[in-house]
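Every number here is computed from the coordinates shown, using simple stated rules; none is lab data. Just so it is clear, the model here is predicted, and its values are computed rather than measured. Cβ coordinates were reconstructed from backbone atoms using ideal geometry, including for glycine residues, and neighbour counts include every protein chain displayed.
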Amino acid sequence: MSKLKSGLIQMSLKASTDWSPEEIRDAMLEAHIPFIDQAGAAGVQVLCFQEVFTQPYFCPSQDARWYAAAEAIPDGHTIRLMREYAKKYNMVIIVPIYEEAMTGVYYNTAAVIDADGSYMGKYRKSHLPHVAGFWEKFFFKPGASGWPVFNTAYGKIGVYICYDRHFPEGWRALALNGAEIIYNPSATVAGLSQYLWELEQPASAAANGVFIAAINRVGTEAPWNIGEFYGSSYFVNPRGQIEAQASADQDELLIHEVDMDMVREVRDTWQFYRDRRPETYGVLTDLN
């Protein structure tokens, strides 16, 4: 059997939003390092953090001061540090941060680092909400990454970020490109969409015959107080069954071993890929 040991880190904000973005980044990295060390000691092969993990979720504001939180990929401080930890523990690390592509152009991005510490590439969040409490288009440019799948030391990995999860097309594109496990780092608060947290991703896992790892942050973040980030990070298998889940309110490293052979087993049983009719779906992209 082909086993993959993976870890997800969910965390509350460890700094005041009055601090500078650099000070917040350093505090969040310091808080994550013990969990990274714990994952390495436990033999975790693939580790993922929450959306924009070095900062608060600042999108309830429209404050340009947060542009200073953006970092270069792969040459910024956070990616350089995570490359060291990936190499130290022979661990693939998915690193969701605020990316500065050039002055004035910023993305919500996840970089993927292979187990030898090499930078493999990145996925930029494709779908951006722009409603009260979630003014993401003020901070981010929509990504157009081409649905990359990263052939890491431990398997074929895709990334989808938070609000992306509401759009089924990306899950399917990643799976068609070869992804067998897809990570969805998020910043999701209790309220309107909480019931979807354990509905959409299990459904997408079943529809596409993939594992999905969903990561959410925890706690509240002043001064915005848009609601409580409810954690509940989890792994769901290609049958749509949640196999392991974190708490709703604690900083936590969730470690779970998934049976990657289940991808082939489920796909050979349901045959959704054989029975697809892509030649009939053109109208989906023709309609606006």
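Remark: spin-label model distance A101-L199 equals 3.3 nm, labels positioned 7 Å along the Cα→Cβ axis. Cα centroid separation, region 102-116 to region 22-77: 12 Å.
Extension gain for R276-L192 works out to 27.0 nm (0.36 nm per residue, less the C-alpha to C-alpha distance).
With +1 assigned to the C-beta of every Lys and Arg and -1 to the C-beta of every Asp and Glu, and no other charges, what is the dipole magnitude of region 1-110 about the Cα centre in debye, to the nearest 20? Walk me through the numbers on the way to the answer.
Working: 9 positive and 13 negative charges, 124 e Å.
So the dipole magnitude of region 1-110 works out to roughly 600 debye.
Net charge of the neighbourhood of A187, taken over other residues with C-beta under 13 Å away and scored Lys/Arg +1, Asp/Glu -1, is -2.
Percent of Cα pairs in region 150-271 per distance bin of 10 Å, from zero to the largest separation: 14, 45, 30, 10, 1, 0. Other residues whose C-beta falls under 12 angstrom from the C-beta of G117 contribute a net charge of +1, scoring Lys and Arg +1 and Asp and Glu -1. Taking the alpha carbon gyration tensor of the chain, multiplying each eigenvalue by 5 and rooting it gives semi-axes of 28, 22, 18 Å, largest first.
At the listed q of 0.13, 0.14, 0.19 Å⁻¹, the Debye profile of region 1-97, built from one uniform point per Cα, gives log10 I(q)/I(0) equal to -0.47, -0.53, -0.91. List the trypsin sites (Lys or Arg not before Pro) in region 190-279 that DSSP assigns to loop (not H, G, I, E or B) and whose Cβ has at most 16 other Cβ atoms within 10 Å. Which are they? Counting only loop positions with at most 16 other Cβ atoms within 10 Å, the trypsin sites (Lys or Arg not before Pro) in region 190-279 are R239, R276.
In region 3-286, taking the dipole from charged Cβ atoms about the Cα centre, the farthest positive-side position among A101, V149, T285 is held by T285. What you get for the chain, charging only the Cβ of Lys and Arg (+1) and of Asp and Glu (-1), is a dipole of about 680 debye around the Cα centre.
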